[in-house]
Amino acid sequence: MAEILVERVAKSFGDKVAVKDVNLTIKDREFMVLLGPSGCGKTTLLRAIAGLGMADAGRIAIGGRDVTYQPPGQRNISMVFQSYAIFPHMTVRDNIGFGLKMNKVDKSTIRKRIEEAAELLHIEELLDRRPSAMSGGQRQRVAVARAIAMQAKVLLMDEPLSNLDALLRLEMRAELKRLLADVDATTVYVTHDQIEALSMGDRVAVMRDGEIQQCDAPNTVYESPTNRFVGSFIGNPPMNFLEGNIKRSNGQTAVEVAKHEFSLTPETQSLIHDLPGNKVTLGIRAENMETLLQPTPETVAVNVEVVEPLGAQNLLTVSVGGHRLKVSTHPTLEVATDQVLHIRFPANQIRWIDPTTNNVLYTP
Amino acid sequence: MFFLYPMYEGFVLTVYDDDALLPIRESPTLSGATVAKLPLGTELEINDRRSQEMVNAGSDDLITDQWFQVEGTGVDGSLLRGWVTEARIRVREEDASGQPLAGTVRPRLGEGADPLTKIHAEPNETSSVVGQLEQRATVTITQSAELEVWFLVQPADDMNSGAAAGWAPSSYLRVSEDASRGWVSGATSGEFTTKFIQRMVDDRFFGPALRTTLLLLVLIIPVQLVLALAMALVIHARIRLNSGFLYVFALPIGMSDLAAGILFFSIFTGNGLLNSALDGLGIIDGPFAFLTAETTGWILVAIVAAEVWRATSIMMVIIVAGLQAIPDETLEAAELFGANYFQRVRHIILPLLKPSIQVALILRTILALQVFAVVVALSGGDVVTVLANESFRQYADLRNTNVASAYALFILLLSVASAVFYLRSVRSEAEVRPT
């Protein structure tokens with residue numbers, strides 16, 4: 001069992017607060033991704049878990065054992081570094097076996113584990129070479145093999161794919177996912193690449209300014225962001241946001257956006273009614289709107305500004321009442337610039353956001 | 001060129017003797033073809049003499065002839081003007097300053113002697129004869145010239161007896177009273193020689209100087225390497241007061257070696273700091289003389305202390321630079337994979353520092369081979385001596401540039417040898433090329 005418990009952990013560098021009061025529980029053998037823009041504190045949090053750079057406050061436990069004040073070598077963890085941090089003066093074999101040797105594992109076991117790890121990463125033929133003459137992809141494999149050979153309960157990865165070129169990154173992403181499925185370790189994976197996060201993680205913790213904004217399964221994070229930041233950070237294109245005015249009359253509440261009145265579902269009625277002020281923000285993803293050529297009572301008329309055919313879909317930039325929206329449509333729908341289209345906003349796809357807190361009011 | 005020429009010049013000074021041989025010539029002029037070259041001291045038989053152009057007016061051994069330009073009536077009654085040696089003229093009239101104005105031709109004495117005296121166009125015996133004068137003829141002296149005597153010499157000792165006879169100017173010869181024998185006393189022509197190197201090796205200070213230099217090397221370098229590594233690791237550990245350590249460690253670089261020597265002299269001297277401290281603690285009664293000819297061991301201790309104090313930080317700076325080139329993540333990875341501090345130093349830091357350590361060792365060894373001012377300040381340069389000091393002694397005290405140069409070249413040779421030794425024994429390029 002290697003559940004990771006992060007309790008009220010804080011860390012600052014001088015005046016700059018990197019992580020503030022973060023609470024996070026990572027279940028045994030879970031693949032947790034820490035996702036966020038650069039400077040959000042995700043690497044600092046990972047390093048706090050690793051023990052590289054002591055947390056200023058809070059408590060960290062791994063497998064029920066408090067490791068807050070333990071050096072990294074005693075936390076039963078292993079790690080893949082962003083720069084790989086391979087020891088340049090050692091052969092690949094010695095690199096992979098380094099941790100085992102330091103932990104006084106007996107020689108025959110070390111040899112066996114090195115060979116297993118090398119086989120898993122297809123670097124058997126590199127074992128007796130030095131890293132200086134290797135490509136980035138090969139070094140990356142050595143770094144992963146070194147981490148896996150430890151057979152630690154916790155595997156930490158700090159942007160392991162960020163130094164690879166695009167094609168290799170795609171290939172390694174799938175391979176890592178396959179590989180880590182077979183490794184019995186709780187994994188914490190730091191990345192700023194949302195595709196990596198969504199495709200690999202069991203859960204994704206989205207971070208911003210040292211705080212975790214949302215920690216959920218990839219689909220949930222994508223479909224039901226808890227706030228405006230998560231909606232705008234995840235997804236390509238990001239979620240659309242439209243400012244609306246609340247109309248309260250006779251106990252009935254509606255929202256007017258771009259001169260169109262949206263009726264509300266029973267769950268959201270009271271929430272929006274109780275909002276202070278008259279403003280509310282509508283959030284919706286590009287692929288969740290229905291595009292029609294003919295108007296219906298539920299549709300909003302929009303003017304097409306840009307058409308971007310992307311193969312699997314056409315991405316339209318449309319304008320309505322001074323707002324701009326990104327709408328994705330089926331590639332077979334023929335649309336021209338300056339054409340008028342009619343868009344329907346399905347009520348269950350709309351996320352209403354409190355404009356003062358930026359939190360999503362209700363997620364189905 | 002700027003870098004090579006002085007080295008070439010030093011090499012030439014060591015192996016080439018500028019003034020080893022005297023060329024002797026076919027005819028008694030500098031333009032005469034050289035028939036042989038004779039080393040200094042060659043014994044000679046002298047067979048003839050001529051007055052000729054002046055070659056070396058300042059020499060102690062210079063022998064000169066005076067020649068007069070005279071005017072008079074020749075044997076054939078015509079008016080003659082030409083040069084004749086002073087030996088043939090008796091001066092009868094001088095001006096106030098002693099310049100000869102007029103005289104008569106001396107008569108020749110002895111049987112069968114030519115009664116006439118030849119007058120030459122130029123002031124030397126090989127120039128053409130313009131006419132002859134009767135003995136006792138009156139002449140006016142219009143000019144006088146001083147000429148150097150050249151001797152026709154034949155090597156007379158066994159070693160050079162085969163050499164041909166030829167002419168040499170008197171200034172390079174020492175001749176006997178009757179000018180029948182002599183030897184070569186000066187030379188103008190060079191030859192390659194090992195005699196300066198021989199003289200260096202035979203010098204009574206050479207052995208002690210070499211021994212002391214190497215002993216200091218063996219005593220100083222390991223201490224400094226360990227100290228410099230420790231200091232660099234302290235600075236790299238990023239603990240509090242870190243930059244304070246750096247300044248304290250690095251400050252001695254700013255002091256000249258002579259000043260450092262004098263400083264340690266003042267510590268070790270009779271009423272210096274060390275004696276005061278030991279006396280104050282009651283360890284000794286009265287001052288102990290550390291720096292005397294009877295206590296060369298203590299002088300060595302003082303030299304080692306001064307050198308360690310002064311020059312360890314040079315190694316430290318190089319090693320700190322090497323440490324900073326090791327990426328933080330590499331050390332973190334080692335820590336994360338369970339290496340404690342000493343294991344990190346042993347398995348990661350030291351192997352990655354190899355190139356820096358190599359540079360530091362080479363540089364420091366070369367500097368240690370040149371150790372000079374500290375030794376002179378602490379020992380006066382006689383009781384304990386080192387190679388650089390001998391080079392200076394040969395140059396400054398004994399005025400022997402060639403032997404001084406031989407010492408300098410010997411130090412260079414040791415430096416190159418030590419650099420090659422380090423490069424081979426700490427072979428590392430392939431292993432630690434940074435990734």
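Give me the strands (runs of 3 or more DSSP E) completely within region A:1-56, filtered to those with at least 3 residues that are on the phi > 0 side of the Ramachandran plot and either more than 20 Å from the chain's Cα centre (by Cα) or among the acidic types (Asp, Glu) (or both), ordered by residue number.
Working: elements: A:4-13, A:16-26, A:31-35.
Hits in region A:1-56: none.
Of a type in the set (D, E, K, R) and either farther than 30 Å from residue B:21 by Cβ or surrounded by fewer than 15 Cβ atoms within 10 Å (Cβ to Cβ) (or both): is that true of residue B:203 in this structure?
no
Of all the residues that make up region B:174-196, how many are hydrophobic (A, V, I, L, M, F, W, C), surrounded by fewer than 18 Cβ atoms within 10 Å (Cβ to Cβ) and either part of a strand (DSSP E or B) or modelled with pLDDT of 85 or more (or both)? Show your work before the answer.
Step one: filter region B:174-196 for residues hydrophobic (A, V, I, L, M, F, W, C), giving B:175, B:179, B:183-184, B:187, B:192, B:196.
Filter again for surrounded by fewer than 18 Cβ atoms within 10 Å (Cβ to Cβ), leaving B:179, B:192.
From the residues that got through so far, the ones that are either part of a strand (DSSP E or B) or modelled with pLDDT of 85 or more (or both) too are B:192.
Residues meeting the conditions: 1.
Could you tell me whether residue B:346 is within 13 Å of chain A (Cβ to nearest Cβ) and assigned to a helix (DSSP H, G or I)? Break it down stepwise before answering.
Details: within 13 Å of chain A (Cβ to nearest Cβ): yes; assigned to a helix (DSSP H, G or I): yes.
Yes.
So if I check each of A:61, A:118, which one is assigned by TED's automatic domain parsing to the domain that holds residue A:216, of a type outside the set (Ser, Thr, Tyr), touching a Leu at 6+ places or on another chain (Cβ under 6 Å) and more than 28 Å from residue A:175 (Cβ to Cβ)?
Values: A:118 fails: more than 28 Å from residue A:175 (Cβ to Cβ).
After applying the criteria, what remains is A:61.
Within region B:115-126, can one find any residue that is modelled with pLDDT of 85 or more, under 10 Å from residue B:85 (Cα atoms), surrounded by 12 or more Cβ atoms within 10 Å (Cβ to Cβ) and hydrophobic (A, V, I, L, M, F, W, C)?
yes
Let's see how each residue does on (1) touching a Leu at 6+ places or on another chain (Cβ under 9 Å); (2) surrounded by 20 or more Cβ atoms within 10 Å (Cβ to Cβ); (3) among the aliphatic types (A, V, I, L, M):
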residue	(1), (2), (3)
A:105	no, no, yes
A:114	yes, yes, yes
A:137	yes, no, no
A:156	yes, yes, yes
A:167	no, no, yes
A:175	yes, no, no
A:198	yes, no, yes
A:208	no, no, no
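Which is crowded, with 23+ Cβ neighbours inside 10 Å, at pLDDT below 90, in contact with a helix residue (DSSP H, G or I) (Cβ under 7 Å, 6 or more places away or on another chain) and more than 14 Å from every other protein chain (Cβ to nearest Cβ), of B:391, B:379?
Details: B:391 fails: at pLDDT below 90.
The conditions single out B:379.
Sort out which residues of region A:267-300 are of a type in the set (S, T, N, Q), surrounded by fewer than 20 Cβ atoms within 10 Å (Cβ to Cβ) and over 18 Å from residue A:364 (Cα atoms), and write them in order of number.
Correct list: A:278, A:294, A:296, A:299.
Could you count how many residues in region A:177-196 are closer than 25 Å to residue A:17 by Cβ and either out of contact with any Ser or Thr (no Cβ under 8 Å at 6 or more places or on another chain) or crowded, with 17+ Cβ neighbours inside 10 Å (or both)?
First, the residues of region A:177-196 that are closer than 25 Å to residue A:17 by Cβ: A:188-194.
This time we only want the ones that are either out of contact with any Ser or Thr (no Cβ under 8 Å at 6 or more places or on another chain) or crowded, with 17+ Cβ neighbours inside 10 Å (or both), so: A:188-192, A:194.
Final tally of qualifying residues: 6.
Output the number of the condition that residue A:132 fails; it satisfies all remaining conditions of (1) surrounded by fewer than 23 Cβ atoms within 10 Å (Cβ to Cβ); (2) touching a residue at least 40 places away in the same chain (Cβ under 8 Å); (3) out of contact with any Pro (no Cβ under 7 Å at 6 or more places or on another chain); (4) within 14 Å of chain B (Cβ to nearest Cβ).
Just one mismatch for residue A:132, condition (3).
Is there a residue being in a loop (DSSP other than H, G, I, E, B), surrounded by fewer than 22 Cβ atoms within 10 Å (Cβ to Cβ), without any contact (Cβ under 8 Å) to a residue 60 or more places away in the chain and more than 18 Å from the chain's Cα centre (by Cα) anywhere in region A:73-80? First the steps, then the outcome.
Our first condition is that a residue be in a loop (DSSP other than H, G, I, E, B); within region A:73-80, this holds for A:75-76.
Cutting the leftovers down to surrounded by fewer than 22 Cβ atoms within 10 Å (Cβ to Cβ) gives us A:76.
Subset that is without any contact (Cβ under 8 Å) to a residue 60 or more places away in the chain: none.
Checking region A:73-80: not a single residue is in a loop (DSSP other than H, G, I, E, B), surrounded by fewer than 22 Cβ atoms within 10 Å (Cβ to Cβ), without any contact (Cβ under 8 Å) to a residue 60 or more places away in the chain and more than 18 Å from the chain's Cα centre (by Cα).
List pairs: first residue in region A:247-259 and assigned by TED's automatic domain parsing to the domain that holds residue A:270 and at positive phi, second residue assigned to a strand (DSSP E or B) and surrounded by 18 or more Cβ atoms within 10 Å (Cβ to Cβ) anywhere in the structure, Cβ distance under 7 angstrom, at least six positions apart or on different chains.
The qualifying pairs are A:258/A:242; A:258/A:300; A:258/A:320.
Yes/no matrix, rows are residues, columns are (1) within 16 Å of residue A:145 (Cα to Cα); (2) touching a helix residue (DSSP H, G or I) at 6+ places or on another chain (Cβ under 7 Å):
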| position | (1), (2) |
| --- | --- |
| A:24 | no, no |
| A:28 | no, no |
| A:34 | no, yes |
| A:40 | no, no |
| A:54 | no, no |
| A:57 | no, no |
| A:95 | yes, yes |
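Which residues, taken from region A:65-83, are touching an Asp or Glu at 6+ places or on another chain (Cβ under 8 Å), closer than 23 Å to residue A:139 by Cα and within 9 Å of chain B (Cβ to nearest Cβ)? Give the steps one after another, and end with the answer.
Of the residues in region A:65-83, the ones touching an Asp or Glu at 6+ places or on another chain (Cβ under 8 Å) are A:71-73, A:79-83.
Narrowing further to those that are closer than 23 Å to residue A:139 by Cα: A:72-73, A:79-83.
A:72, A:73, A:79, A:81, A:82, A:83, listed by residue number.
When the residues of region B:216-246 are narrowed to those that are of a type outside the set (Lys, Arg) and at pLDDT below 85, which ends up nearest to the chain's Cα centre (by Cα)? Spell out how you get there, then give the answer.
Looking only at region B:216-246, we keep the residues that are of a type outside the set (Lys, Arg), and these are B:216-237, B:239, B:241-246.
This time we only want the ones that are at pLDDT below 85, so: B:237, B:239, B:241-246.
Values: B:237: 49, B:239: 52, B:241: 50, B:242: 47, B:243: 46, B:244: 45, B:245: 43, B:246: 41 Å.
Among those residues, the one meeting the criterion is B:246.
Scan region B:290-340 for residues that are of a type in the set (A, V, I, L, M), without any contact (Cβ under 8 Å) to a residue 40 or more places away in the chain and within 14 Å of another protein chain (Cβ to nearest Cβ) and jot them down.
Kept after step one, since they are of a type in the set (A, V, I, L, M), are these residues of region B:290-340: B:291, B:293, B:299-306, B:308, B:311, B:314-321, B:323, B:325-326, B:331, B:333-334, B:336, B:339.
This time we only want the ones that are without any contact (Cβ under 8 Å) to a residue 40 or more places away in the chain, so: B:301, B:321, B:326, B:331, B:333-334, B:336, B:339.
Hits for region B:290-340 are B:326, B:331, B:333, B:334, B:336, B:339.
Identify the single condition in (1) free of Cβ contacts under 8 Å to residues at least 60 places away in the same chain; (2) not assigned by TED's automatic domain parsing to the domain that holds residue A:43 that residue A:285 does not satisfy, given that it satisfies every other one.
Status for residue A:285: all satisfied but (1).
The values are calculated or read from the model by the stated rules, or taken from the named source; none is laboratory data. Predicted, not measured: the structure shown is a model, and the values here were computed from it. Cβ: placed from backbone, ideal geometry, glycine included. Neighbour counts: every protein chain shown.
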